[in-house]
Each structure stands twice: as C-alpha cells, then as structure tokens.
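Just below is one structure, and these are the notes that go with it.
Quick note: the coordinates plus some simple rules give every number you see, no bench work behind them. It should be emphasised that the depicted structure is a prediction, and the values quoted were computed from it without experimental measurement. Using ideal geometry, Cβ is built from the backbone for each residue, glycine included, and neighbour counts are taken over all protein chains shown.
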Amino acid sequence: MTDEIALDIQEVSKAFGATNALERVTLQVHRGEFLTLLGPSGSGKTTLLRMIVGFESPTAGRILLGGRDISGLSPADRSAGMVFQQYALFPHMTVADNIAYGLKLRRWPRAEQRERVGEMLDLVRLEGYEARYPRQLSGGQQQRVALARALAYDPEIILMDEPLGALDRALRIEMEQVIRRIHRDLEATVVYVTHDQQEALALSDRIAIMRDGRLQCVDTPEELYYRPASSFVASFFASSNLLPVTLVERLGPDSARVRYGQDELSCRVAGEIAGPVQLAVRRRSLRREPSPNCLVVRGTVAETLLFGDEREVILDVPDAGRVVALIAAHAAADLAVGQPVELYVPPEETVLVTDVDAGAPGTAGDADAPLQPDALAVGP
Amino acid sequence: MAPLHDRNAVTADRNRRERMRHLSDRATRLGGGTVVTIAALLLLIPAALVVALSFSNDKYFNFPPRSWGTRQYHTLFTSPQWGDAIWLSVKIAVPAVVLSTLIAVPAVFAINRSRLPLRHALQAAGVTSLIVPLSAYAVAMYGVFVQLHLLATYLGLVIANTVLAFPMILVVTTAAMSRIPVELELAAMTAGASRLRAWAGITLRLLIPAILAGAVLAFITSFDEAVFINFLGGPGQVTLPKAVFDSVRFGVDPVITAIATLLMLFTSVLMLIALRLRRTGQ
C-alpha cells in the first residue's frame, strides 16, 4: 500500500426515485489498498460499488480514479475489473476465452494473450483448465476464473461484490486465502463489498462501515474492533453488547468515568462523544473471574449454546436487555438456564460510545438498486 | 398399557385402512392408465388413419382401401397444382420468418433491457395475434388491406403472415432472455466492451438457439396458415393449406392424405429441431 490515492470518491449521492440510496459519501482508497465496504443489506454498499464500476451514475458528486474524473464514463472506459457474486462467466466461452476477453477487446497480439492467460491460470492455481467450459467447473473454480478474467488486463482497480456469497463455508475460507495472496502478490487496489464482518476482518487493510446510505466510519479492522467510534460500529462490527450508562466525567481525550447502575468505573473512549452514551462490551470480555475495578454485570441465564471450545451464554440483564457472553466452555459448564450469575469485565476492555440510535432514525431508505442498471438502460 | 383386546382392535383397524389405501392406489393407477391410453389413441388414430389412407392406390376415397400403393404420392409430385402451392407457401413463410426475427429480436432487447415506459404493455401487445380469434383478425385486416391496396398481393400476404409468426419468436426469445443474467453484459462492459459489443457478443450469441427455435415455430405457423389466405389472398394465390381446402370443397381428392402425411413428417422434424435448439440454449 502506498500514500498515493487511487480512488477518490467526493460527496457522492444517489437517489432511486424518491429514496436516497446514498448520501454524500466521501472516501479515498490508496494504491495497493484492500478496502472493504461493510454494511447490512440496504446500507448502500453495493450501490456505491456499482457507481465506481459505472453501472449506475451518481446523482451528485464526483468519482476520480488515478486522478481522472470517471463519473460520466462508460464502464468500458474506467479501467476497472469486476468480480460478481454469481461469477458471471460467459457460458459459451472456454476458461481461456473468458480470461482473454478483456485482452481481445484491447487487441493484444495472440501470443501475448495466450501467455497472459497462462500467467493468470497459474495465479489462481487452475493450470490445465484452459479448454474447460464454466459449467464443467465447481463454484470455487468458477470464481477463480472470474478473478483471473478481472485481473488479466491489469485494471487500475479491482471491484468485488460479495464474491464469496455463493460459496459454502470451506470454499469461502479457501477463496479468502486466494484473494489475500493475489492482493499481496499483485499489490492490487481492491474495493470489496460484503455484509460479513468475519470476511472483512480477514481480508481488509481498512474497512468502511455503511448504514442507511451513509458512511459511518473508515478505519483499520483493529481500530474498529477494539475502539469502535459509535454504538452501531460496536454492535454491528464486533457484535458488542451495549450497556446503558451515564457519563460522569471525561478524564482526557481517550478515557472517561461512567456510572452503570450503582457502580462507577473508568472506561476508554474512541470516537466523538455527543448526546446519549452506551458502554460497548465485546462478548469475549465478559468473564467468570473478577479483576481489579472491573465492571460487574448481573443477570439470569436465559440460554446457553455450546460452540465447541466456547459456550455462548445469553443473560437477561435488568435495564440492559439481553447480554451475550462467549466464555471458555469449561468455565461455563456449571451455568444452567434460570440461574442468577455475575460476569466481570476488565475496565480497559470497555469502550464508551455515542448511542447513534437514540436520536432520529436515518432518512436514507433501504433502497435496493433497481433491476435495470443505468449502464444498460436505453431511453430516459 | 391398553388391554390386549383393545390393541388387537386397533391393529385390525389399521390393517383395514392399509388395505383400503392399497386398493384405492391400484384403482387410481388403473384408472389413470386407462385415461392416458384413451387420450393417446384419440390423438394418434386420426393421424395413423391418414397415413394409412395415403398408401391407398384407389382413385377415390375408400375405406378400407381396395388396393395399396404410392399412387397418391405420385400424383402429388407430378401435378403442377400442388407444387405451385407448396412453392407459394414457402415463398410467403420464409420472408415472414425473416421479417419476424428482425422485428422480434430488437423488441426483446427493448422490452427486457430498457426503461421504456409501457414496455410490458408492448410485450402483451406483441402476442395479441395468438389470442384474438383468427377469423375476426382476418376481417379487420381485410378492412385495412383494402385501404392500403394490399389485398390479394404477395406483399400483403407476407405482412399478414409476419403478424402471425412474430409472437412465436417473441415468446421463445423472451423466455431465453430471462435466463441470461444482466451481470454477463455488465462483466463484458467492465472488461472493455461497448454496450453494443456486449449485446452482440454475449447476449445475442447466447440467444441464437432460442431465436432459431422460435424461427422454426414461426415457419410452421406461417406454412400451416389457412385462414388469412382465404380472406386476404386473391384468385391466383393458392398456398398449400388453401389448395387442400379447395380440393375438399369440390369432391374429395385422396391426394390430400399424402400431403397431410408429408406435412406431419415435415412439421415433426422441425419441432424436434426446435426442441433440440432450445435445449442447447439452456
């Protein structure tokens, strides 16, 4: 990754009819960076990706790729490679012809085309599959061909729309490794869309979290996971519990004292604090053993589920609703449904966040992109 | 635990119900088989009779034939009247199919890949000729053709047959189009193809089997057309179906059994080709 900015998204908005799918999104992606757009469905992440690649045009704002304004260009003129969830391989072409498609359009000499196809097949570990047709390949193999097709003509940016969404669990993990290796080897600039935070964690240099058509925050996986900037980031990205607390005093830029029930404790602060606050507690931070100055969470066991090495314990906590804890299975073996229990959280593992859901709900709609992309539409 | 005699009663009851179910299953199978057999016979017997009669060597209709032979086929192939009729049918059907294809394929793209207002109404309008009673349609067309001076002209017949053949291609191609994901075109465009190139190289290429299948069905539709020709055709314009009608109007010529047999054979082969084409398209 370099400091050079590859993709520059400036105040981009998109409206589908009366609903705003995207509102004033500003985002920079560096050359060689792997950036993930993460958000629940309807958050606008796919709409943003489709505008970068040119399937939709922005209602307002500009998109620059390598310093060039591409907002009004056809997808063909943008120098982007795209990987789709459903592979979208050309069924009437062999693997080699699929990969060479972009090269043929660029009028590469035949010998160079063949050489490049060979390189790409090496890269995605599909040597010897040149003459096969897509229908003769498994889902994982098809997605690797799609990846090779998108990379072959060396585009400035690779865009991936939930590329692992159609694969089963084992293949997903294998493909994650393929994507990570290729990103590292080629130093490619990648914008990746997913709704799966595990995938985002495993792959990304930075993650942009989106919600209701707005960019919530952009940061490294570590920062987002350990120091979430808002209650939404904490609950959506780290599946953190949110406890009702009141702010007693700020102790500095990154710590504060809060009151939870009758107890007071120090906690960390990551983002801007404004208005009502909550205390974010990750599921693995809840322990059976107390520690000095720890937060005490009292509740009754509502349900327990064995996950293998860990047991998920769901507590009913007065005033806080349901609190989920992941506890080492041997330490949670004695917990039975209906039993009152105290769990302890080290204060340095708690983060004070602004409760973004306490205010007015977002105006941006759950607009899904229409079936007919701008890029293909004829007429008005 | 229930007393023993109760349990026996329960078991007996269950056995009785099982026997009943068994019997009703067998009755259903038997009844179903009978219905299917009767239906198949009703569909096949007329065709089989026609084929059998076409090998009669009699000069007039006789059933059963007094002598067997290929006399009907011989007459068919040697009398110019039938050859001319077949030739006219082909001369109308081929341009009608070509015209239909040239209209239907762009229409399928417009209906499925555009934001044209009322494009779904367009689709419905396209298949009207399949729904409107043909004779009513023909009368209306007669009125129009009189004004346009197309009545009893070759061009008029080609246009009328295009109207009939067009929905076949539209329907078959639309069905195939709905199975082609938009993402293929988007993938092609990202890789550097213009929209036209993506359509021609990917979508249209994938539609070809369906278009050919539709064209075969359209050809059959036009070739078998027997209503429009009676309303819109002139005295010299005798297509094969019209020739068949005319021959039965004034006394029955057994040659038509030979024509019918050949038509059935020809149509079956075309239908098989259409079916094969649609399969390869999937």
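Please identify the helices of chain A, taking whole runs of DSSP H, that span at least 18 Å along their own axis as judged from the Cα atoms and have a mean Kyte-Doolittle score of -0.5 or higher.
Answer set is A:139-152.
State, as an integer percentage, the relative contact order of region A:171-251 based on alpha-carbon contacts under 8 Å between residues 6 or more apart.
The value is 16 percent.
Around A:Thr350, which amide H atoms from residues at least 5 apart in sequence, or from another chain, sit under 5 Å from its own amide H, with H modelled in the peptide plane?
A:Arg268
Using a basic spin-label model with each label point 7 Å from the Cα along Cα→Cβ, how many nm lie between B:Val98 and B:Leu148?
Rounded to a tenth, the inter-label distance reads 1.9 nm.
Would you grab the residues whose amide H sits under 5 Å from the one on A:Ala21? Only those 5+ places off in sequence or on another chain, please, with H modelled 1.01 Å from N.
Correct list: A:Lys14, A:Ala15, A:Phe16.
Computed FRET efficiency, Cβ-Cβ of A:Ala336 and A:Leu171, R0 41 Å: what is it to the nearest 0.05?
Plugging the Cβ-Cβ distance into 1/(1 + (r/R0)^6) gives 0.60.
Taking a virtual spin label 7 Å from the Cα of A:Ser138 along the C-beta vector, which residues in region A:86-122 bring their backbone nitrogen under 17 Å of it?
A:87
Based on the Cβ-Cβ distance from B:Ala175 to A:Ile273, what FRET efficiency comes out when R0 is 56 Å, to the nearest 0.05?
Once rounded, the FRET efficiency stands at 0.45.
Taking neighbour counts of Cβ atoms within 10 Å as a proxy for exposure, in what order, fewest first, do B:Thr257, B:Thr153 appear?
Fewest-to-most Cβ neighbours within 10 Å comes out as B:Thr153, B:Thr257.
Karplus couplings for region A:197-207 from phi (6.51 cos²θ - 1.76 cosθ + 1.60, θ = phi - 60°), rounded to Hz, Gly and Pro as x?
6, 4, 4, 4, 4, 5, 9, 8, 7, 9, 10
Please give the Cα centre distance for region B:8-39 versus region A:262-325, rounded to the nearest Å.
Comparing the Cα centres of region B:8-39 and region A:262-325, I get a distance of 63 Å.
What does the charge count around A:Gly299 come to, taking other residues whose C-beta lies under 13 Å from its C-beta (Lys +1, Arg +1, Asp -1, Glu -1)?
Spelling it out: positives minus negatives among the neighbours equals -2.
Take B:Arg249 and A:Ser41, extend 7 Å from each Cα along the Cα→Cβ direction, and tell me the distance between the two endpoints in nm.
Distance between the two pseudo-spin positions: 6.3 nm.
When we measure straight from the Cα of B:Lys91, which lysines land under 25 angstrom away, once same-chain ones fewer than 8 places off are left out?
Answer for B:Lys91, where 25 Å is the Cα cut-off: B:Lys242, listed by chain and number.
What FRET efficiency comes out for B:Val127 versus A:Thr26 if R0 is 45 angstrom and r is the Cβ-Cβ distance? Round to the nearest 0.05.
0.35
Please state the relative contact order of chain A as a whole percent: Cα pairs under 8 Å, 6+ residues apart?
Reported relative contact order: 19 percent.
I need the phi-derived Karplus couplings for region A:293-308: 6.51 cos²θ - 1.76 cosθ + 1.60, θ = phi - 60°, integer Hz, Gly and Pro marked x.
6, 7, 7, 10, 10, 10, x, 10, 5, 9, 6, 9, 10, 7, 9, x
Check cross-link reach from B:Lys59 to the aspartates and glutamates: straight Cα distance under 13 Å, and skip same-chain residues fewer than eight apart.
B:Asp253
So what's the gap between the Cα centers of region A:1-43 and region B:121-139, to the nearest angstrom?
If you average the Cα positions of each part, the centres end up 50 Å apart.
Connecting C-alpha atoms closer than 10 Å in a GNM of chain A, tell me which of A:Arg181, A:Arg169, A:Arg211 has the biggest fluctuation.
Between A:Arg181, A:Arg169, A:Arg211, it is A:Arg169 that shows the largest mean-square fluctuation.
Which of the listed residues, B:Ala226, B:Val172, B:Gly251, is farthest toward the dipole's positive end in region B:158-282, when Lys, Arg count +1 and Asp, Glu count -1 at the beta-carbon?
Most positive-ward Cα: B:Val172.
Suppose each label sits 7 Å from its Cα in the direction of the beta carbon; what would the A:Arg114-B:His22 distance come out to in nanometres?
7.1
Rank A:Thr19, B:Val97, A:Gly61 by how far each Cα sits towards the positive end of the charge dipole of the protein assembly as shown (+1 on Lys, Arg Cβ; -1 on Asp, Glu Cβ) and give me just the farthest.
Going by the charge dipole, the pick is B:Val97.
Please identify, among B:Arg26, B:Arg195, B:Arg179, the residue showing maximal mean-square fluctuation in a Gaussian network model of chain B using a 10 angstrom Cα cutoff.
Answer for the Gaussian network model of chain B: B:Arg26.
Once phi is turned into θ = phi - 60°, what whole-Hz ³J(HN,Hα) does the Karplus curve with 6.51, -1.76 and 1.60 give for every residue of region B:260-269, x standing for Gly and Pro?
Values, residue by residue: 4, 4, 5, 4, 4, 4, 4, 5, 4, 4 Hz.
Mind checking which of B:Phe61, B:Phe250, B:Phe166 has the largest fluctuation in a GNM of chain B, springs on alpha carbons under 10 Å?
B:Phe250
Consider just the alpha-carbon atoms of the protein assembly as shown and return their Rg together with their Dmax, both in angstrom.
Considering the protein assembly as shown through its Cα atoms, Rg and Dmax are 36.2, 116 Å.
Give, rounded to the nearest 20 debye, the magnitude of the charge dipole that the protein assembly as shown has about its Cα centre when Lys and Arg contribute +1 at Cβ and Asp and Glu contribute -1 at Cβ.
3120
Collect residues whose amide H, placed 1.01 Å from N in the peptide plane, falls under 5 Å from the amide H of A:Gly61; neighbours closer than 5 in sequence don't count.
Here A:Ser13 satisfy the definition.
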